[in-house]
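Right, one structure below, let's go through it.
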Amino acid sequence: MSSKPIGIFDSGVGGLSIWSEIHQLLPMESTVYLSDSKHAPYGPKGKEAIINLSIKNTEWLMNQGCKLIVVACNTATTNAIDTLRKNYPIPFIGIEPAIKPAALQSKSKAIGILATKGTLSSQLFHETSQLYSSDLIVIEQVGNGIVELIENGALYSDEMKHLLQSYLQPMLDAEIDCLVLGCTHYHFLTPILKQLLPKHVKIIDSGKAVAKQTKAVLESNILLNTKTSVEPNRFYTNGEENVIASLLKSETASIKKLAF
Ligand code: DGL
């Protein structure tokens, strides 16, 4: 079982930001990445639809023989991970907006959170937010339209820049000093955000923490690959292969088109 791959899924290409952290920390693990781009964005969908899509993705990855699944999507984690953990016998790692590190680091006691509607309206986000934000001003912003632009290969477009400017302004007015990226797609905005934000505003995402947690859970379940060889990483999408290829950069990856 330990030489089986790690499964990773997202509503699209955003989870590649998590894949790359996992690949850096665990180069001896093979991975199967599933980009459900055809059904992106998940953010505006209701809880039941997000659960059903997460089940579909999980079952597909389990059919590939995955030993553990990383839900590399805040929207799917905050709405569906409890259901997945109850129904399937393998470990799941999820991702949630990093409110706690932001709360601990903020000096101005004002933080911004950019995430999808599905994440910000979830019970899990609400509970975490209440736990850490009692002495903070938290400016929440739904990132309408961002995922669609990234999925369409328009990451560096003027439209993206204008959208971001409008989403950041209320946060800057509130003098935030930490911006939490609560959607895995948003990691790819980092170079643009750095241009738009004052230098002292920290950009916080959860990618490294997810990779560390993946390693810890593999270790505790005695699932780390013990073989000296690794199967090649595989990427599957029901959207456009070229968007994955452009975000993977140097990785000479096997990207396959899926019809589902
Ligand atoms: N990458 C997903 C997340 O982290 C994007 C959600 C969406 O498809 O709207 O939430």
Next on the checklist: If residue 17 satisfies all but one of (1) within 16 Å of residue 234 (Cα to Cα); (2) more than 10 Å from the ligand (Cβ to nearest atom), what's the number of the condition it fails?
Outcome noted: (2)
Checklist outcome for this item: In the set 196, 189, 163, the lone residue that is in contact (Cβ under 8 Å) with a residue 24 or more places away in the chain, within 16 Å of the ligand (Cβ to nearest atom) and open to solvent by less than 50 Å² (accessible area, probe 1.4 Å) is 189
Next on the checklist: Tell me whether the stretch 120-133 contains one or more residues that are acidic (Asp, Glu) and touching a residue at least 24 places away in the same chain (Cβ under 8 Å).
Outcome noted: no
Checklist outcome for this item: Out of (1) open to solvent by less than 10 Å² (accessible area, probe 1.4 Å); (2) away from the ligand (no atom under 13 Å from the Cβ), the one residue 43 does not meet is (2)
Checklist outcome for this item: Considering residues that are open to solvent by less than 40 Å² (accessible area, probe 1.4 Å), in a loop (DSSP other than H, G, I, E, B), out of contact with any Phe, Trp or Tyr (no Cβ under 9 Å at 6 or more places or on another chain) and at pLDDT 95 or above, the number found within the stretch 112-135 is 1
Next on the checklist: Criterion first (within 23 Å of residue 233 (Cα to Cα) and hydrophobic (A, V, I, L, M, F, W, C)) does residue 84 satisfy it?
Outcome noted: no
Item to check | the stretch 3-15 residues that are of a type in the set (Gly, Ala, Ser), paired with ones that are at pLDDT below 95 and away from the ligand (no atom under 11 Å from the Cβ) (beta carbon under 6 Å, 6 or more apart) | outcome: 3/227
Item to check | Which listed residue is within 16 Å of the ligand (Cβ to nearest atom), in a helix (DSSP H, G or I) and surrounded by 18 or more Cβ atoms within 10 Å (Cβ to Cβ), from 51, 69 | outcome: 51
Item to check | Qualifying residue in the stretch 137-152 (condition: open to solvent by less than 70 Å² (accessible area, probe 1.4 Å) and in contact with a Lys or Arg (Cβ under 6 Å, 6 or more places away or on another chain)) | outcome: yes
Item to check | Flag if residue 32 is over 24 Å from residue 123 (Cα atoms), modelled with pLDDT of 95 or more and either basic (Lys, Arg) or part of a loop (DSSP other than H, G, I, E, B) (or both) | outcome: no
Checklist entry - Out of the residues in the stretch 220-260 that are hydrophobic (A, V, I, L, M, F, W, C) and in a loop (DSSP other than H, G, I, E, B), which is nearest to residue 189 (Cα to Cα)? => result 253
Checklist entry - Restricting the stretch 80-111 to residues that are within 16 Å of the ligand (Cβ to nearest atom) and within 20 Å of residue 132 (Cα to Cα), which is most open to solvent (accessible area, probe 1.4 Å)? => result 96
Item to check | Single residue of 227, 202, 212 found to be open to solvent by 30 Å² or more (accessible area, probe 1.4 Å), touching a Cys at 6+ places or on another chain (Cβ under 8 Å) and either without any contact (Cβ under 8 Å) to a residue 12 or more places away in the chain or not hydroxyl-bearing (Ser, Thr, Tyr) (or both) | outcome: 202
Item to check | Scan of the stretch 180-210 for residues that are aliphatic (A, V, I, L, M) and touching a strand residue (DSSP E or B) at 6+ places or on another chain (Cβ under 9 Å), ordered by number | outcome: 180, 181, 189, 193, 197, 201, 203, 204, 210
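The values are calculated or read from the model by the stated rules, or taken from the named source; none is laboratory data. Quick caveat, the model's predicted, so the values are computed rather than measured. Here Cβ is always computed from backbone atoms with ideal geometry, including for glycine, and neighbour counts include all displayed protein chains. We work out accessible area using only protein heavy atoms, side chains counted, and drop any ligands, DNA or RNA first. Shrake-Rupley method; radii C 1.70, N 1.55, O 1.52, S 1.80 Å.
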